[in-house]
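Please read the structure below before turning to the comments.
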Amino acid sequence: MSKRFGIIALALGLVGFAMKCAAIFTYDGWLAAEFPDLLHKWNYFGFFTYTTNIMVDTWLVLLGVSLLFAFDGLKRRLTKASLQGFLTAMIFVVGALYCFTMFWFDEPYSWGLWWGNVVTFWHHVATPVIMIIVFFRSKDRKKLGKKDLALWMIYPFMYLLVTMLRGSIASWYPYPFLDPAWDMFTQMNLRPWTGVTLACAFIFFFMLATAVLTVRIHNWLATKRK
């Protein structure tokens, strides 16, 4: 990876953080009126999309810094296959779940909030594409295995656990399919917590399947590069 790539990575990471600031710190003046159910701006950190994007943006910024200033030790840690694979798998889940589920329920922001559509596109489409491209450029030939998968799955498991515990206390859930009061469960003749359990199980196993696929693709690429 060259210094040119470092500049690109740093720029993309900073743009990602700028997108989050645009959404969070303009909440009080804009989004609160249109989306009162968000309760307060810090609920953004309750979304899997935001927590995962923050990790990717942090990784991109640190990678850019390590390449530009020749921090070889930091670069080696950041470009390890296990870390890149984890970030790629999780951000792919963000894009896939959005494109195949939430996209069809969400309405575009009004013209006065046009930048909200840009932020949404960046977090759910642009960032996953960027990370997938970087993943395929990985030079680490070390093969991944079950230990890597187990470590990767701690994050989604803890996210779902904390989300459900917080939701039961604050009565706020980041996604409708995690809310026991979601009307769709009633329409499907499911008990509220049965519906939530099925939704959590589907999401977790979809993430696991994505992680397994990521490992297999990396190992195949590693074999081809030898």
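The values are calculated or read from the model by the stated rules, or taken from the named source; none is laboratory data. Predicted model, so just to flag it, every value in this text is computed and none were measured. Neighbour counts are summed over all protein chains in view; Cβ atoms, including those assigned to glycine, are modelled from backbone coordinates with ideal geometry.
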Pick from region 104-152 the residues that are hydroxyl-bearing (Ser, Thr, Tyr) and either surrounded by 14 or more Cβ atoms within 10 Å (Cβ to Cβ) or at pLDDT 85 or above (or both): which of them is farthest from MET207 (Cα to Cα)?
-> TYR109
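Is it the case that VAL118 is assigned to a helix (DSSP H, G or I), more than 15 Å from PHE48 (Cα to Cα) and among the β-branched types (Val, Ile, Thr)? Walk me through it before giving the result.
On the way: assigned to a helix (DSSP H, G or I): yes; more than 15 Å from PHE48 (Cα to Cα): yes; among the β-branched types (Val, Ile, Thr): yes.
Against the criterion (assigned to a helix (DSSP H, G or I), more than 15 Å from PHE48 (Cα to Cα) and among the β-branched types (Val, Ile, Thr)), VAL118 qualifies.
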Unique match (being modelled with pLDDT under 90, closer than 25 Å to LEU165 by Cβ, among the polar types (S, T, N, Q) and out of contact with any Cys (no Cβ under 8 Å at 6 or more places or on another chain)) among ASN43, ASN53 = ASN43
Could you please let me know if THR214 is touching a residue at least 60 places away in the same chain (Cβ under 8 Å) and in contact with a Pro (Cβ under 8 Å, 6 or more places away or on another chain)?
-> no
Please state which of the following conditions ASN189 fails to meet, knowing it meets all the rest: (1) closer than 30 Å to ASN219 by Cα; (2) not in a helix (DSSP H, G or I).
-> (1)
Take PHE177 and decide whether it is modelled with pLDDT of 85 or more, in a helix (DSSP H, G or I), surrounded by fewer than 18 Cβ atoms within 10 Å (Cβ to Cβ) and within 23 Å of the chain's Cα centre (by Cα).
-> no
Looking only at region 153-171, which residues are under 17 Å from THR52 (Cβ atoms) and crowded, with 16+ Cβ neighbours inside 10 Å?
-> MET153, TYR155, PRO156, TYR159, LEU160, THR163
Any chance region 65-81 includes a residue that's crowded, with 23+ Cβ neighbours inside 10 Å, within 17 Å of ARG4 (Cα to Cα) and not aromatic (Phe, Trp, Tyr)?
-> yes
Could you tell me which residue of region 162-176 is nearest to PHE45 (Cα to Cα), considering only residues that are touching a residue at least 40 places away in the same chain (Cβ under 8 Å) and hydrophobic (A, V, I, L, M, F, W, C)?
-> TRP172
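Which is crowded, with 17+ Cβ neighbours inside 10 Å and over 23 Å from the mean Cα position of the chain (by Cα), of ALA199, ALA222, ALA211?
Working: ALA199 fails: over 23 Å from the mean Cα position of the chain (by Cα); ALA211 fails: over 23 Å from the mean Cα position of the chain (by Cα).
From the options ALA199, ALA222, ALA211, the qualifying one is ALA222.
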